[in-house]
Amino acid sequence: QVQLVESGGGLVQAGGSLRLSCAASGRTFSTYAMGWFRQAPGKERELVAAIRWSTGYTAYADSVKGLFTISRDTAKNTMYLQMNSLQPEDTAVYYCAAGARGGMLTARDLYDTWGQGTQVTVSS
């Protein structure tokens, strides 16, 4: 079992930046991939970015390509999401997720462990 704890959310003005962190503990050696999802009020949870733990291969939602960067520090068992040029439409609860099974990074059912979420609010 893997436990995930997010941090780094907060309130930022439009055009600003935030960096989210996700610390993993437990059976981290079994992790195949990790990802960041977000859920805005009244909307479905959507994948923002994902990373294959062993190789660092990444995938992004079209809406954040070139603006957000996902990375990981394998020694610290921590994943990051650097978010630049934030806009009000990026306001959401951001969740960290992990999966042990192989498959496409963008497949929602790959992820079976979730963090508690961290709020990101972007003011205009």
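The values are calculated or read from the model by the stated rules, or taken from the named source; none is laboratory data. This structure is a prediction, so every number in the text was calculated from the model and none was measured. Here Cβ is always computed from backbone atoms with ideal geometry, including for glycine, and neighbour counts include all displayed protein chains. Heavy atoms of the whole protein, side chains included, go into the accessibility calculation; ligands, DNA and RNA do not. Shrake-Rupley method; radii C 1.70, N 1.55, O 1.52, S 1.80 Å.
Taken over segment 1-10, the residue count meeting the criterion of being open to solvent by 40 Å² or more (accessible area, probe 1.4 Å) and outside any strand (DSSP E or B) is 1.
Can you pull out every residue in segment 93-117 that is within 12 Å of the chain's Cα centre (by Cα), buried (at least 20 other Cβ atoms within 10 Å of the Cβ) and either part of a strand (DSSP E or B) or among the charged types (D, E, K, R) (or both)? Of everything in segment 93-117, those that are within 12 Å of the chain's Cα centre (by Cα), buried (at least 20 other Cβ atoms within 10 Å of the Cβ) and either part of a strand (DSSP E or B) or among the charged types (D, E, K, R) (or both) turn out to be Tyr94, Tyr95, Cys96, Ala97, Ala98.
Of the residues making up segment 11-46, those that are outside any loop (DSSP other than H, G, I, E, B), touching a Phe, Trp or Tyr at 6+ places or on another chain (Cβ under 7 Å) and open to solvent by less than 30 Å² (accessible area, probe 1.4 Å) are Leu20, Ser21, Ala33, Met34, Gly35, Trp36, Phe37, Arg38. Whenever a residue of segment 17-35 is touching a residue at least 40 places away in the same chain (Cβ under 8 Å) and closer than 22 Å to Ala107 by Cβ, its partners that are among the polar types (S, T, N, Q) and open to solvent by less than 50 Å² (accessible area, probe 1.4 Å), lying with C-beta atoms within less than 8 angstrom and at least six residues away or across chains, give the pairs Leu20/Thr118; Cys22/Thr78; Ala24/Thr31; Ala24/Asn77; Ala24/Thr78; Thr28/Asn77. Taking the criterion of being part of a loop (DSSP other than H, G, I, E, B), surrounded by 12 or more Cβ atoms within 10 Å (Cβ to Cβ) and not polar (S, T, N, Q), the residues of segment 50-77 that qualify are Trp53, Ala61, Leu67. Taken as a whole, the condition of being among the polar types (S, T, N, Q), free of Cβ contacts under 8 Å to residues at least 40 places away in the same chain and within 13 Å of Ser21 (Cα to Cα) does not apply to Ser54.
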